[in-house]
Every structure is written in C-alpha cells, then in structure tokens.
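These notes are about the structure you will find just below.
The values are calculated or read from the model by the stated rules, or taken from the named source; none is laboratory data. Everything numeric in this text was worked out from a predicted model, so none of it was measured. Glycine gets a Cβ as well: all are built from the backbone with ideal geometry, and neighbour counts include every protein chain shown.
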Amino acid sequence: MAVSREHSPYDAELPCAAPVGSLVLEKGHIYSLAATGGLLYGGFDSKNIRVWKNQQDFAVFKSSSGLVKAIVVAADRVFTGHQDGKIRAWKVSPKDATVYKRIGNLPRLKDILWSSLNPSNYVEARRHSSALWIRHSDAISCLSLNEEQGLLYSGSWDRTFKIWRISDSRCLESVAAHDDTINSIVAAVSGLVFTGSADGTVKVWRRELQGKGTKHAPVQTLLKQEWAVTSLAISPTAPVVYCGSSDGLINFWEGEQHLAHGGVLQSHKMAVLCLAVSGTLLLSGSADTTICVWRRQGAVHTCLSVLSGHSGPVKCLAVAPDACGEEDGGSGATRWTVYSGSLDKSVKLWRVSEQAPEALLRGPQIVPVGPGDSKAY
C-alpha cells in the first residue's frame, strides 16, 4: 500500500515538546488511561487503579487479580478489563469521593451458575477446551461504551467481543469476530462497532436491537493486511475512522453510509500502540516513545508536532478539554489536555491546541502519584 508522505512528520522541521519533568511510578507499568469529569484514571500491572484530580493523587483502589488493561467510565460507574479475563465494576462511595468499592464482576456469579446448568451454553475456547459463552476465556484487551444505549463492549484475546447491558450487568451477546486476538474495539453512536485484531483486519459490525437483546452483523471489512492492528479511534465530529498498526502506519476511512479508504499517515518509526481523537486533532502514541499530533482539515491531515519526553513505548492516551481555556492572546483555538502513559513507568500531561504549530504546546507536567496502595476489595 502506498504511503502518502506529503504530511509526514519526517518531511519537515516540526516543533518538538521536551518534558519539563518526569515521574517514575514505582508500582509498575501503566497499561490504560481514562479521563472524565476532571478525573484521570490509570490502570497498572500491579492491579492498581489510580485516580488523579487536578494533577494530584486523589484515590487508589485495587483488584484482587489481573493487571488492568482497559478502563471506561459510565456515569457513576468505572469498568476495568483485566488480564484474568474478568471485567470489574466499581462505584465511588457516596460518603467519600476518594473511596471506590467493587460492586461486582461481569459476568455475575448467578449468571455463571445458571448458564452452567445448560450444556448448550458452552462453546469451544481457544485452548481446545470449552467455556461458557458469557465468559471471556482469555485476557480482556479493550473496552468501549455506547452510553446512549446503555451498552458496554469488551474485546478479548479469545478472539470474541461481548456486549453487556450496563443496567443489570448481563451479557447480551458474544460474537466470534476474528482469527486472532482483538486488540481494539470502538462503539459508535450510529450503531456501528469497529474491531481491530492481530489477524491484520479491521471489521465493521452493525447493531440491531432485538427485544431486550442485541444482534451484531458484519457489514464491512475495512482492512486486511499482514501487520497486526493495534488501535482504533473514531472522530466525534466527522465520519472518520482511524487504525494504527504494528508497521507504524495509520490508515483512515471516511463516509456516512459506506466507509471508503481515505489515506495512510506515516507518523512513527515503530508500532502505533494507541490513538485518541478530540475535535480536529488525532493523537498517536508509539513504541518509538513519541506522540504525534495531527490536525484534520477536511480530508487533509497535517502533523503539527511531535511530543517527545518518554523513554519507553507510549502505551495509552487520554484526552480532556483543557481547564485553562483559550490560547494565550485570546485566539479562541480549542485546547486539550493530553495524558500519556508509557512503559517507562511514567504518566505525562501535555497541552495541545488546534492552532498553528508555533502556538501548539505547553511542556508536559508531572502527574504525581501517592506512595501507598490500598487493600483489595
């Protein structure tokens, strides 16, 4: 596939942001981030979920097993996907905003017990064994929400994705989607669901509501390649889907009814590990330790800057509206706060803008972490 290099960060001198500070997280690598409501959530291989507020350590809660590979927040609940194949649900205490309590697992124990009585509820698992269809038989790799419909999507190394009803934590459907691990899943408001896999494909699924359940049917295969698909993201303001791969390239597709290939962005020298979209900006984190900031104008994507500060692969990104408001000088350009988690055991904060490159950045700031761990709930 030909790569369009006219907007590549290697073809022009671009501003680079160097960190003004860095914090080493002594309790392990960070694998997932989520930002909402002025809070930042981080999932670690130490089984901890840490919460920051205003870049200060705010809370920490811990699962009993399984490193935290994915985090999503739905209203007053936090859902975490784990290496042990479980999804855990948490809720903040009404008496103390710094205390989070585990309110259950997905699937629920009573659903497991009830389903286990019927032999037809068992399906072939990856390692030549049987498992209940409502349970993932391998690590949870990704989570996505459709809050409008009250649905939670989970993708797994077991090559399936499952759909959960948030109101009662019930598994509505399981889809055998790919020939290898599912690395990314994104649910769109339109009823479409996108999955990316280590088998090199990106697939589109359409959700149909059937009574109290759902049925997801395949609509389109956007990509079939040798390289693993590592990350997906969709634009909230335009019909654009982005796909990052282990070859360091970003493919994108556009269209209202039928998605057509829009081009390829060469943003990194190593695998793209994470993507995030806010406004007209696309951010890509890579194993090459950098984050590229792209601006979309119609079908044209321009790399505005490269954020350099991590010493290890950038594993996860989260974006939130910037609390500081407009750019200096009152330009009115939208600004965003970007959080990046790396396998160098650090979390960094950046401020980026949709403005021209010379007004793009404020250097990354330290996100402090408290010294202690909480006990497992």
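What the table shows:
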{"item": "Test: residue in the stretch 236-255 that is within 16 Å of the chain's Cα centre (by Cα), modelled with pLDDT under 95, outside any strand (DSSP E or B) and surrounded by fewer than 19 Cβ atoms within 10 Å (Cβ to Cβ)", "result": "yes"}
{"item": "Yes/no for Arg88 being touching a residue at least 12 places away in the same chain (Cβ under 8 Å), farther than 21 Å from Thr181 by Cβ, part of a strand (DSSP E or B) and under 17 Å from the mean Cα position of the chain (by Cα)", "result": "no"}
{"item": "Test: residue in the stretch 101-121 that is surrounded by 20 or more Cβ atoms within 10 Å (Cβ to Cβ), touching a strand residue (DSSP E or B) at 6+ places or on another chain (Cβ under 7 Å) and under 26 Å from Ser184 (Cβ atoms)", "result": "yes"}
{"item": "Members of the stretch 285-294 found to be under 23 Å from His261 (Cα atoms) and in contact with a His (Cβ under 7 Å, 6 or more places away or on another chain), listed by number", "result": "Ser286, Cys292, Trp294"}
{"item": "Test set (1) polar (S, T, N, Q); (2) out of contact with any Cys (no Cβ under 6 Å at 6 or more places or on another chain); (3) more than 24 Å from Gln257 (Cβ to Cβ) - Ser231 fails condition number", "result": "(2)"}
{"item": "All positions within the stretch 97-122 that are closer than 20 Å to Leu143 by Cα, part of a strand (DSSP E or B) and not charged (D, E, K, R)", "result": "Tyr100, Ile103, Gly104, Asn105, Leu106"}
{"item": "Identity of the residue in the stretch 122-143, among the aliphatic types (A, V, I, L, M) and touching a helix residue (DSSP H, G or I) at 6+ places or on another chain (Cβ under 8 Å), that ends up surrounded by the most Cβ atoms within 10 Å (Cβ to Cβ)", "result": "Ile134"}
{"item": "Of all residues making up the stretch 312-335, the number that are more than 15 Å from Leu273 (Cβ to Cβ) and modelled with pLDDT of 90 or more", "result": "2"}
{"item": "Search result, residues across the stretch 212-255 that are among the aromatic types (Phe, Trp, Tyr) and without any contact (Cβ under 8 Å) to a residue 40 or more places away in the chain", "result": "Trp227, Trp253"}
{"item": "Residue check for Ile182: touching a strand residue (DSSP E or B) at 6+ places or on another chain (Cβ under 6 Å), more than 17 Å from Val240 (Cα to Cα) and modelled with pLDDT of 95 or more", "result": "yes"}
{"item": "Answer from Pro94, Pro9, Pro19 - the residue that is outside any strand (DSSP E or B), at pLDDT 90 or above and more than 20 Å from the chain's Cα centre (by Cα)", "result": "Pro94"}
{"item": "Pair list, Cβ < 7 Å and 6+ apart or interchain, from the stretch 187-203 residues that are at positive phi to residues that are among the small types (Gly, Ala, Ser)", "result": "Gly200/Ala228"}
{"item": "Residues within the stretch 177-235 that are under 16 Å from the mean Cα position of the chain (by Cα) and assigned to a strand (DSSP E or B), tallied", "result": "18"}
{"item": "Enumeration of residues in the stretch 137-159 that are small (Gly, Ala, Ser) and either modelled with pLDDT under 95 or in a loop (DSSP other than H, G, I, E, B) (or both)", "result": "Ser137, Ala139, Gly150"}
{"item": "Selection within the stretch 269-293 - free of Cβ contacts under 8 Å to residues at least 40 places away in the same chain and over 21 Å from Ile30 (Cα atoms)", "result": "Lys269"}
{"item": "Count of residues meeting criterion [assigned to a strand (DSSP E or B), over 23 Å from Gly150 (Cβ atoms) and modelled with pLDDT of 90 or more] in the stretch 45-67", "result": "7"}
{"item": "Single match in Glu226, Glu208 (criterion: over 22 Å from Leu343 (Cβ atoms) and touching a His at 6+ places or on another chain (Cβ under 9 Å))", "result": "Glu208"}
{"item": "Residue among Ala276, Ala271 that is within 16 Å of Ser32 (Cα to Cα) and either modelled with pLDDT of 95 or more or not hydroxyl-bearing (Ser, Thr, Tyr) (or both)", "result": "Ala276"}
{"item": "Matching residues in the stretch 25-44 - criterion: being surrounded by fewer than 17 Cβ atoms within 10 Å (Cβ to Cβ) and part of a strand (DSSP E or B)", "result": "Thr36"}
{"item": "Residue that is surrounded by the most Cβ atoms within 10 Å (Cβ to Cβ), among those in the stretch 256-301 that are within 17 Å of the chain's Cα centre (by Cα) and more than 17 Å from Val352 (Cβ to Cβ)", "result": "Val272"}
